[in-house]
Amino acid sequence: MDGGTMVVTGASRGLGRSVAVHFAQAGWRVLAGVRDIGAAPEHAGVRPVELDVSRPEHVARLAALVGSGPLDVLVNVAGVFDGPGAGLEDARRETMLEEFTVNALGPLEMVRALLPALRRGSGRTIVNVSGLMGSMGLNEDGGNYAYRASKAALNAISRSLALDLAADGIGVICLHPGWLDTDMGRSWSDPHPGRHEKVPAAEVAADIERLLDDPATDREGRFIDHRGAVLPW
Ligand SMILES: NC(=O)c1ccc[n+]([C@@H]2O[C@H](COP(=O)([O-])OP(=O)(O)OC[C@H]3O[C@@H](n4cnc5c(N)ncnc54)[C@H](OP(=O)(O)O)[C@@H]3O)[C@@H](O)[C@H]2O)c1
């Protein structure tokens with residue numbers, strides 16, 4: 001679809017920033033959630049909004065700003081990673097709760113807050129950016145308890161949202177964006193060299209537009225990669 005209205009979280013850098021700029025260039029009105037307004041992309045069509053997804057008052061303020069919409073697409077990108085090599089000793093209560101709060105609860109609370117506006121949109125799609133490390137079927141390396149568990153929780157949340165919101169005509173894309181050429185992506189090294197290829201965030205932003213445009217894209221909350229292939233849970 002051309003030129004709808006979108007909310008994207010985590011727009012200060014990485015994939016969120018690329019999504020905000022890509023869709024603004026394509027003529028969308030983009031509300032770009034950033035923790036630090038000064039870090040927002042400066043681009044025609046991008047309106048920065050202060051948003052820490054772990055702060056309910058920020059989520060409520062954004063929802064008030066969006067009002068009854070209409071809102072076409074919500075892209076939940078904001079995420080935190082416990083770091084490469086995070087092991088059992090690093091899986092402390094504080095880290096587990098922080099990653100759950102941002103990676104799993106954040107998208108859920110954004111959806112609940114923006115539902116009235118999404119119901120009035122014509123695109124009516126939620127894109128939850130998950131990650132391959134949330135797949136239990138593909139976990140061959142262990143570790144990263146907080147990140148893996150929070151993304152697995154996001155996958156479960158995405159599937160339930162898709163089932164619950166189908167009656168409203170709202171679809172849910174649960175996305176592995178690939179190994180990104182971003183701060184987070186650069187902090188990780190592939191334990192199986194050559195298996196994964198680093199993808200520029202701008203390319204993945206374009207892939208998200210293609211997924212949104214393609215009627216064959218799974219919107220039932222199954223776990224898919226940025227090219228649309230279904231992944232094991
Ligand atoms: N990088 C990869 O290879 C990879 C692979 C699979 C999945 N993913 C997922 O893809 C998404 C984007 O990753 P990325 O590589 O672009 O990450 P990134 O470069 O580390 O950027 C993370 C973004 O999330 C924001 N953020 C963190 N905590 C937040 C909070 N509490 N509230 C609001 N925003 C918050 C950051 O804002 P600040 O600038 O304020 O810190 C930043 O904009 C994440 O959900 C990640 O888990 C990434």
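The values are calculated or read from the model by the stated rules, or taken from the named source; none is laboratory data. Bear in mind the structure is a predicted one, so any value in this text is a computation, not a measurement. Note that we place each Cβ from the backbone using ideal geometry, even for glycine, and neighbour counts take in every protein chain shown. Surface accessibility is based on the protein's heavy atoms, side chains included, excluding ligands, DNA and RNA. Shrake-Rupley method; radii C 1.70, N 1.55, O 1.52, S 1.80 Å.
Angle of helix 106-119 to the longest C-alpha principal axis of the chain, folded into 0 to 90 degrees and rounded to 10: 20°.
Taking N as the residue count of segment 124-193, its C-alpha radius of gyration divided by 2.2 N^0.38 Å amounts to 1.26. Loop-resident trypsin sites (Lys or Arg not before Pro) (DSSP state other than H, G, I, E or B) in segment 161-205 with no more than 10 further Cβ atoms inside 10 Å of their Cβ: ARG195. Across the chain, Cα pairs under 8 Å and at least six residues apart give a relative contact order of 20 percent. Sequentially through segment 94-102, phi angles give Karplus couplings (6.51, -1.76, 1.60; θ = phi - 60°) of 4, 5, 4, 5, 4, 5, 4, 4, 7 Hz, Gly and Pro residues having no value and appearing as x.
With a cut-off of 17 Å, note down the residues of segment 108-135 whose backbone N falls inside the zone around a label point 7 Å from the Cα of THR101 toward its beta carbon. The answer is 108-110, whose backbone nitrogens lie closer than 17 Å to the label point.
Dipole of the chain computed with +1 at Lys/Arg Cβ and -1 at Asp/Glu Cβ about the Cα centre; of GLY228, VAL34, GLY3, farthest Cα towards the positive end is GLY3. What net charge do the residues around PHE23 carry, taking every other residue with its C-beta under 13 Å from that of PHE23, with Lys and Arg at +1 and Asp and Glu at -1? Residues near PHE23 contribute -1 overall. For the chain, the solvent-accessible area works out to 46 Å² per residue, with a probe of 1.4 Å and every protein chain left in place.
As a length-normalised measure over Cα pairs under 8 Å and 6 or more apart, the relative contact order of segment 1-55 settles at 35 percent.
For segment 129-158 versus segment 196-233, the spacing of their alpha-carbon centroids is 17 Å. The H on the amide N of VAL172, modeled in the peptide plane, is under 5 Å from the matching H of ILE126, GLU220, GLY221, each at least 5 residues off or on a different chain.
Gain on full extension, evaluated as 0.36 nm per residue between GLU42 and SER189 minus their Cα-Cα distance, stands at 49.8 nm.
Applying both filters, DSSP loop and at most 10 other Cβ atoms within 10 Å, to the GluC sites (Glu not before Pro) of segment 188-233 gives GLU197. For segment 5-225, the share of accessible area belonging to carbon and sulfur comes to 51 percent (1.4 Å probe, ligands and nucleic acids excluded).
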